1. So Ala170 ticks every box in (1) among the aliphatic types (A, V, I, L, M); (2) touching a residue at least 60 places away in the same chain (Cβ under 8 Å); (3) under 19 Å from Phe97 (Cα atoms) but one. Which box is left unticked?
2. Any chance the stretch 115-127 includes a residue that's of a type in the set (S, T, N, Q), outside any helix (DSSP H, G or I), under 18 Å from the mean Cα position of the chain (by Cα) and closer than 27 Å to Asn361 by Cα?
3. Those residues that are open to solvent by 20 Å² or more (accessible area, probe 1.4 Å) and either more than 31 Å from the chain's Cα centre (by Cα) or not charged (D, E, K, R) (or both), I need them from the stretch 19-36; list them, please.
4. Any residue that is touching a residue at least 60 places away in the same chain (Cβ under 8 Å) and among the hydroxyl-bearing types (Ser, Thr, Tyr) - is there at least one of those in the stretch 249-261?
5. Sort out which residues of the stretch 311-323 are within 21 Å of Thr357 (Cα to Cα) and buried (at least 22 other Cβ atoms within 10 Å of the Cβ), and write them in order of number.
6. Looking at (1) surrounded by 15 or more Cβ atoms within 10 Å (Cβ to Cβ); (2) at pLDDT 95 or above; (3) assigned to a loop (DSSP other than H, G, I, E, B); (4) of a type outside the set (Ser, Thr, Tyr), find the lone condition where Pro70 falls short.
7. Show the residue pairs that are 6+ apart or on different chains and have beta-carbon atoms under 9 Å apart, the first residue being within the stretch 206-234 and touching a residue at least 12 places away in the same chain (Cβ under 8 Å) and among the aromatic types (Phe, Trp, Tyr), the second being open to solvent by less than 10 Å² (accessible area, probe 1.4 Å) and in a strand (DSSP E or B).
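The values are calculated or read from the model by the stated rules, or taken from the named source; none is laboratory data. The model shown is predicted, which means the values in this text are computed figures rather than measured ones. Ideal geometry is used to build each Cβ from the backbone, glycine not excepted, and the neighbour counts take in all protein chains shown. Heavy atoms of the whole protein, side chains included, go into the accessibility calculation; ligands, DNA and RNA do not. Shrake-Rupley method; radii C 1.70, N 1.55, O 1.52, S 1.80 Å.
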Amino acid sequence: MTTHTCAGCNKQVETKLACPKCIQMLLPPTYFCSQECFKANYSTHNKLHKIAKQVMDAKANQSTGVAKVPFDGITCDPNEDIQKRLSLPIWAKGYDFTGSLRPALLSPKRPVPSSIRKPDYADEPNGISYSEQRDKANNTAIRVYGPKELDGEYGLRHACAMGREVLDVAGKALRPGVTTDEIDRIVHEACMERDCYPSPLNYYNFPKSVCTSVNEVICHGIPDYREVQDGDIVNIDVTTFNRGGYHGDLNETFLVGKFDEDGKKLVKTAFECLQNALAMVKPGTLYRDLGTKIHKTATAQGCSVNRTYCGHGIGSLFHTAPNVPHYHKNKAKGIMKPGHVFTVEPMINLGGQADRTWGDNWTAVTCDGKRSAQFEHTVLVTDTGCEILTARENEPVMVWNEELVTRG
């Protein structure tokens, strides 16, 4: 008999007892060690059914004017003429944009060889990560990572190192005239070369291998055929999933071509917000206190901190506990302990903090159309402080260097 992990008590057991509701809903089987364990934990487990049904209903009732996944009117072949590639996707026609940026069409989804290890959502039709949903429903503890998980051949350090390499490759290719779709191709191929899966790809149906957020885009920008313009600021957000089953997540914002002083101030402020927050990371620090430091750093430069999107735990799951808000007076739970691994990724705006989401259901933009910048690292709490797992080689702490974030 095959061994499975019991969803109730997490024991490894030989069992055929699977949740009938999961099977009925065509979800991956969820196993329990006994009827008693199934009954005792069903109310918690049933939350997974409700989440899955909400996603399925949203797909079934999707309006024809808004695209959640690529389909006709969203994608086109890269060999199409430039006018076709730069045309608006179907959802954007008549859309009320907050700033000057406009989307273009997308290239088709890039394939991943069968030899690459994939996360559970990679081939799931709705991109649902059931392992994350089970974790959210059944677990509130912050995972502690030990030497075996961190330092193995394909451990968490390796995943973060691969993410660093991929971001560096992508950043070198950024310049006026390159499309964000080309950046996506470079990221995708760099992941394949390193035997890694690009974590964003198909995560809740995100259609690309990297997030590229330009100007007023706060986060989750989808790479398309639009060319990067002289004076743009561009965030490249990379996450890699390695053969060991770990994710490493980081991002940087770049000043492209001839940038203005406001753009430089914004990018430098975003860098300093992360820099100052990471200086606080050590055992005993409250997760909620990072937001106060970030808030003070941003407001001192006349900028604001977006309140919608947060840092998060990461490792064997793309997103898990803890939740790491970046704003002042947040109510985040938890105290940092050695072995905790998480991201800090404050999104800093030139104008107000408020955001809205484009009709692609991913791209988050500022409500006032003003620019936004962000930097992110995956960090490990050590016995004495913080280790930046996604740091550049020979750069154990963050140091501002304008040359590293400018692209001609």
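1. Exception for Ala170: condition (3).
2. Initial filter on the stretch 115-127 (of a type in the set (S, T, N, Q)): 115, 126.
Going one step further and asking which of them are outside any helix (DSSP H, G or I), we end up with 115, 126.
Remaining after also requiring under 18 Å from the mean Cα position of the chain (by Cα): 126.
Filter once more, keeping what is closer than 27 Å to Asn361 by Cα: 126.
Scanning the stretch 115-127, I find at least one residue that is of a type in the set (S, T, N, Q), outside any helix (DSSP H, G or I), under 18 Å from the mean Cα position of the chain (by Cα) and closer than 27 Å to Asn361 by Cα, so the answer is yes.
3. In the first step, residues of the stretch 19-36 are kept if they are open to solvent by 20 Å² or more (accessible area, probe 1.4 Å); the result is 20-21, 23-26, 28-29, 31, 33-36.
Matches in the stretch 19-36: Pro20, Ile23, Gln24, Met25, Leu26, Pro28, Pro29, Tyr31, Cys33, Ser34, Gln35, Glu36.
4. Initial filter on the stretch 249-261 (touching a residue at least 60 places away in the same chain (Cβ under 8 Å)): 249-257, 259.
In the following step, the residues that additionally are among the hydroxyl-bearing types (Ser, Thr, Tyr) were identified as 253.
There is at least one residue in the stretch 249-261 that is touching a residue at least 60 places away in the same chain (Cβ under 8 Å) and among the hydroxyl-bearing types (Ser, Thr, Tyr).
5. Within the stretch 311-323, Gly311 is the sole residue that qualifies.
6. Here Pro70 meets the rest and fails (2).
7. Going by the 9 Å Cβ cut-off, there are no qualifying pairs.
So that you can scan it fast, the table gives a plain yes or no per residue for (1) open to solvent by 10 Å² or more (accessible area, probe 1.4 Å); (2) at pLDDT 95 or above; (3) touching a helix residue (DSSP H, G or I) at 6+ places or on another chain (Cβ under 8 Å); (4) more than 22 Å from Arg392 (Cβ to Cβ):
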| position | (1), (2), (3), (4) |
| --- | --- |
| Lys172 | yes, yes, no, no |
| Thr179 | yes, yes, no, yes |
| Ile183 | no, yes, yes, no |
| Met192 | yes, yes, no, yes |
| Ser199 | no, yes, no, no |
| Gly231 | yes, yes, yes, yes |
| Ile236 | no, yes, yes, no |
| Thr240 | no, yes, yes, no |
